[in-house]
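Engineer: Quick one: this structure, given as structure tokens, is what I'll be asking you about.
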Amino acid sequence: MDRYLQANRELWDEWTRINYQSDFYKVDAFRAGHSRLRAYEIEEVGPVEGKTLLHLQCHFGLDTLSWARLGATVTGADFSPAGIEQARALAAELSLPATFVCADLYDLPALLPGSFDIVYTSRGVLGWLPDIERWAQVVAHFLKPGGAFYITEIHPFAQVFDDDDGVTELRLRYPYFTTREPLVFKPQGSYADRTARVKAEHEYAWNHSLGEIVSGLATSRLLVEFLHEFTFCEWPVSFLLPSDDGRYRLPPELDGKLPLFFSLRASKPPTAV
Ligand SMILES: C[S@@+](CC[C@H](N)C(=O)[O-])C[C@H]1O[C@@H](n2cnc3c(N)ncnc32)[C@H](O)[C@@H]1O
């Protein structure tokens, strides 16, 4: 694993311990039966009962286990040992059947046998990955013929603006297109608790354009069924305002004018093309 991925993994181990305790993740509500999945993704993924589902970059498993509660046979994968340990503990505590694998995403095909009806990934995943073509190859590798891939993620266009604390106007700061070298940030706590203390000094991230994401999937012979662009974000950003539905939007004069989040579904043809 190169030094950027190694540093990010150490950061995620720290964040896992913070996030697990945070109000953002509300683990107690999950224990009591609350699902972490959004209504639109449950609808867009479709029925999962009796299907096998691989969750890439599953963190400590709340989304994975939410799919298990809907009847999927789930496998979650993540490169953070702390995340996987916590996911396994939660699954055991709640008696939810699930398999969790600790591996870097790019190493997963060499470590995890089999293929799945559904490959799922969501909310805060692509920015950690340096190479989208290789990511798409991993997705295609794990899909059964006729299987479906689903992602919901922050829109790359929403990532170009300055989001430092206190910046409330739209100020172009970051490239829309991928850079070979990562963007480097200094972590301020975790996104789930900005006041928490972290030892890691750097966070390495890559923006990936929508064209790169769609073309990566197409190059891996997946057929894009839809790409929905949403005018809300699922987490707070300095230039967005909270709305009543728990999401975050541009101020009223700009609301609805720019894409902030997206969902995409693609499928693997039933027979190889
Ligand atoms: C924001 S979480 C997304 C999970 C889920 N949406 C959530 O909020 O719980 C991103 C996850 O990506 C994982 N991750 C980052 N880079 C990775 C890599 N190269 N291979 C595997 N997992 C990675 C992190 O450990 C983290 O758990």
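Quick note: the coordinates plus some simple rules give every number you see, no bench work behind them. Owing to the predicted nature of the structure, the values given are computational and were not obtained by experimental measurement. Backbone-built Cβ (ideal geometry, glycine too); neighbour counts: all protein chains shown.
Engineer: Between ASP23 and LEU111, with labels modelled 7 Å along Cα→Cβ, what's the label distance in nm to one decimal, could you check?
Structural biologist: With each label placed 7 Å out from Cα toward Cβ, I get 3.5 nm.
Engineer: Let me ask another. Sorted from largest down, give the three principal axis spans of the alpha carbons of the chain, whole angstrom values.
Structural biologist: Over the chain, Cα extents along the principal axes are 48, 42, 40 Å.
Engineer: Taking just the alpha carbons, could you work out the radius of gyration and Dmax for region 6-122, both in angstroms?
Structural biologist: Over region 6-122's Cα set, Rg and Dmax evaluate to 13.6, 38 Å.
Engineer: Test of understanding: extend the Cα→C-beta vector of LEU183 to 7 Å, then name every residue of region 246-263 with backbone N under 16 Å from that spot.
Structural biologist: Output list for this probe position: 259-262.
Engineer: Could you work out how far the C-alpha centroid of region 95-120 sits from that of region 176-255, in angstrom?
Structural biologist: Taking the Cα centre of region 176-255 as reference, the centre of region 95-120 is 24 Å away.
Engineer: Please give the net charge around LEU108, taking every other residue with its beta carbon less than 12 angstrom from that of LEU108, where Lys and Arg add +1 and Asp and Glu add -1. Write out the running numbers ahead of the final one.
Structural biologist: Values: positive: ARG134; negative: ASP78, ASP104, ASP107.
Counting the neighbours of LEU108, the net charge comes to -2.
Engineer: So what is the relative contact order of the chain, in percent, for Cα pairs below 8 Å that sit 6 or more residues apart?
Structural biologist: Rounded, it is 19 percent for the chain.
Engineer: Report, in deg cm²/dmol and to the nearest 500, the calculated mean residue ellipticity at 222 nm for the chain, where each DSSP H run with n ≥ 4 adds -39500 (n - 2.57) and the sum is divided by the residue count.
Structural biologist: It lands at -8000 deg cm²/dmol.
Engineer: Please state the Cα pair-distance histogram of region 123-231 with 10 angstrom bins from zero: what percent is in each bin?
Structural biologist: 12, 39, 32, 15, 2
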